[in-house]
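Chemist: Once you've had a glance at the structure underneath, I'll fire off some questions.
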Amino acid sequence: MVLTKQKIEHVAMLARLKLDDEETELFSEQLNSILAYVEKLDDLNTEGIEPLVHVLPINNVFRDDVARPGMPREELLANATMVEEGQFKVPRIV
Amino acid sequence: MVLPNYEAVIGLEVHVELKTQSKIFCSCSTAFGAEPNTQVCPVCAGMPGALPVLNRQVVEFAIKTGLALNCEIAGMSKYDRKNYFYPDLPKAYQVSQYDQPICRTGYLEIEAEEGKKRIGINRVHIEEDAGKLIHQGAITTSSYSLVDLNRSGVPLLEIVSEPDLRTPREACLYLEKLRSVLLFLGVSDCKMEEGSLRCDANISIRPRGETRLGTKAEIKNMNSFRSLERALEYELTRQMEVLEDGEEVVQETRTWDEGQQATFSMRSKEEADDYRYFPDPDLVPVVVDQEWVQRVRESLPELPDAARQRLMEQYELPAYDAGVLTMTRDTLDFFDECIRHYDDAKVVSNWIMGEMSRLLNQHNLEISASQVSPSALVRMLRLIDEGTISGKMAKTVFEEMFTTGKEPDVIVKEKGMTQISDESALEPLVVQVLEANPEVVEDYRGGKTKALGFLVGQVMKATRGQANPKLVNQILKRHLDKS
């Protein structure tokens, strides 16, 4: 699989990254080389093997449904750029 | 609404908040209405390094729901990350279930116009809710928004129907039925106005007889049963007009505007949604064995269909009454409690569907919040049966019970509302009324039996409604018919 320039731009857009031409070029080389490496896995015969959904052989890790206090609001908002009425204030969205 | 040449194809995606004590992946409270950002911790705030641990009760509720909707329960299900950026989503991904949901392929039966109809359930999956954004002014013009994360991480079930619904009415019936099933199960409080029940619709139309699907639109922001029906009706007409004009329906998301009673295109994003789902490495798979399923199956309560059947068979109630009384579990519990101490089921049903519903609607309350207890209603019904109050007076008494929570006997005493059932007290009044209305008396004797009603009314008026109308009737007739 080869990542085209368009693909790189699309992925950058999804990640909200602004790339200039030089970076697009550089990352496309790097990403392609990483993907080429991972593609080695295609050489394996996976016939009859269930897809892996988790690397650890464990399941059903649960907690009981008991409510406890969270963190103090001041602490939660301590790193916020803007705060108003006890809430995070963010620029317009749409 | 019927479109002669077209058929509607509708499917609903319903989100319900589960009624757990704590959130899905952390121990923060799920209580509604708290001060902003006071039920938040590093997990649901999406702080780096915080690790989620699944709430067992969420899985239990999902299995319960799946079984009630006749679904297959997956032996293994897993959790995936749905990636997108939005300020109400602090992790920049929502934990959801993508290709291995906990429940699949079920159905829900509705009472459609042409009879019972099965609506397929495609899947039920578990996911987490996002926080809440408060826009300053309208969403499109506000310069900033405020973020409250109390809702972030509240457990949700998404219940996806097959596109088996054919009219806006059917969509409503399906949603009502689904709501009552969830209420009977006790897994959600399903309050549309508080957002614990939310519904999106996929809707397309096609010429009658056509089997291929038309291009669909997704409709959002319908906050009540009424707006669901209105929005779908509007959308049907809109799509039909587009096709009639020789144009094509565009696949897009549209939002229902309650004020303008119309749907509007939500500015389509330049690139299509691309959520890049992948398994969440922080969460391990959930394995549900037959034993677990069996245990939940045995714990299932009576569901609306069974309750409805019971009311019709055991108490011979009309289908309509049985339907209304089984809309919510609280209504049914109220009825059942009344009927334990009072024999006439139809009378109880009439009061619940009549005065009780009217006042609940008027005060925007649920029956569980009503100040009238089943035993108080039964006591009031006995006062009618004993002749202490008339049916008409009972309405006033009931309203007073509803607003003050007082016992009916107390109200009757305080208001001096006791019905006059003493013949010797009514007799002179009847005579007075007859003497004052010789023409009406003449009319009656001349064959206009309707004139009797007027005379009864006069006696009632003279006693300010306190006379026993049945008795007044008898006395009047005796006087009129004798001479």
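The values are calculated or read from the model by the stated rules, or taken from the named source; none is laboratory data. It should be emphasised that the depicted structure is a prediction, and the values quoted were computed from it without experimental measurement. Methodologically, a virtual Cβ is constructed for each residue, glycine included, from the backbone with ideal geometry; neighbour enumeration extends over all protein chains shown. Note: accessible area is taken over every heavy atom of the protein model, side chains too, but ligands, DNA and RNA are not part of it. Shrake-Rupley method; radii C 1.70, N 1.55, O 1.52, S 1.80 Å.
Chemist: Along the charge dipole of the stretch B:423-482, Cβ charges K/R +1 and D/E -1, which of B:Ala451, B:His479, B:Ala436 sits furthest on the positive end?
Modeler: Towards the positive end, the residue furthest out is B:Ala451.
Chemist: While we're looking at this one, here's another question. Once you put a point 7 Å from the Cα of B:Thr211 and another 7 Å from the Cα of B:Val347, both along the Cβ direction, what distance in nm separates them?
Modeler: That separation, rounded to one decimal, is 5.8 nm.
Chemist: Am I reading the B/A interface right? What is its buried accessible area, both sides, 1.4 Å probe, to the nearest 100 Å²?
Modeler: The B and A chains share an interface burying roughly 3900 Å².
Chemist: Please report the projected area of the protein assembly as shown's Cα convex hull averaged over all directions, in nm².
Modeler: 38.6 nm²
Chemist: Write down the accessible area per residue of chain B in Å², having rolled a 1.4 Å probe over the full set of protein chains.
Modeler: Per-residue accessible area for chain B comes out at 48 Å².
Chemist: Name the lysines eligible as straight-distance cross-link partners of A:Lys40: C-alpha to C-alpha under 25 Å, and not fewer than 8 places from it in the same chain.
Modeler: Excluding near neighbours in sequence, the set is A:Lys5, A:Lys7.
Chemist: Then there is this: Which of the lysines could be linked to B:Lys477 by a straight reach, that is with a Cα gap under 16 Å, when you skip same-chain ones fewer than 8 residues away?
Modeler: B:Lys448, B:Lys450
Chemist: Another question, if that's okay. What's the FRET efficiency of A:Asp20 with B:Gln371 using the Cβ-Cβ distance as r and R₀ = 56 Å, to the nearest 0.05?
Modeler: 0.25
Chemist: For the stretch B:233-294, compute Rh as the Kirkwood radius over C-alpha pairs and then the Stokes-Einstein diffusion coefficient at 20 °C and 1.002 mPa s; write the answer in µm²/s, rounded to an integer.
Modeler: 131 µm²/s
Chemist: Now a separate question. Enumerate the lysines that B:Lys116 could reach by cross-link, defined here as Cα to Cα under 18 Å, with residues fewer than 8 away along the same chain left out.
Modeler: Candidates past the 8-residue exclusion: B:Lys177.
Chemist: Measuring from a point 7 Å past the Cα of B:Lys470 along Cα-to-C-beta, which residues in the stretch B:367-411 have an amide N at less than 17 Å?
Modeler: B:380-395
Chemist: Now a separate question. Report the extension gain between B:Glu435 and B:Arg478 in nm, rounded to one decimal, defined as 0.36 nm multiplied by the number of residues separating them, less their alpha carbon distance.
Modeler: 14.0 nm
Chemist: Quick one: putting +1 on the C-beta of Lys and Arg, -1 on the C-beta of Asp and Glu, what dipole do you get for the stretch B:156-212 around its Cα centre, in Debye to the nearest 20?
Modeler: 300 debye
Chemist: Could you list the GluC sites (Glu not before Pro) in the stretch B:351-414 that lie in coil according to DSSP, counting only those with at most 16 other Cβ atoms within 10 Å of their Cβ?
Modeler: Answer in residue order: B:Glu366, B:Glu386.
Chemist: Along each principal axis of its Cα atoms, how long is the stretch B:1-157 end to end? Whole angstroms, biggest number first, please.
Modeler: 52, 44, 27
Chemist: Next up: Expressed as an acute angle from 0 to 90° and rounded to the nearest 10, what is the orientation of the C-alpha long axis of helix B:329-341 relative to the principal long axis of chain B?
Modeler: Approximately 30 degrees, to the nearest ten.
Chemist: Rounded to two decimal places and with Rh computed the Kirkwood way over Cα pairs, what is Rg over Rh for chain A?
Modeler: With Rg and the Kirkwood Rh in hand, the quotient comes to 1.16.
Chemist: Oh, and also: Would you please state the base-10 log of I(q)/I(0) at q = 0.08 1/Å for chain B, with intensities from the Debye formula using one equal scatterer on every alpha carbon?
Modeler: For chain B, the Cα-only Debye profile gives -0.65.
Chemist: For B:Glu337 and A:Asn45, FRET efficiency with R0 = 51 Å and r from the beta-carbon atoms, rounded to 0.05?
Modeler: 0.15
Chemist: Relative to the longest principal Cα axis of chain B, at what angle does helix B:423-436 sit, 0 to 90 degrees, rounded to 10?
Modeler: 80 degrees
Chemist: Taking a ≥ b ≥ c as the square roots of the Cα gyration tensor eigenvalues, with a/c under 1.5 meaning rounded and otherwise prolate when a/b beats b/c, else oblate, which class fits the stretch B:6-292?
Modeler: In terms of gyration-tensor shape, oblate.
Chemist: Given a 1.4 Å probe and every protein chain left where it sits, what share in percent of the accessible area of the protein assembly as shown is carbon and sulfur?
Modeler: Here carbon and sulfur together make up 51 percent of the probe-accessible area.
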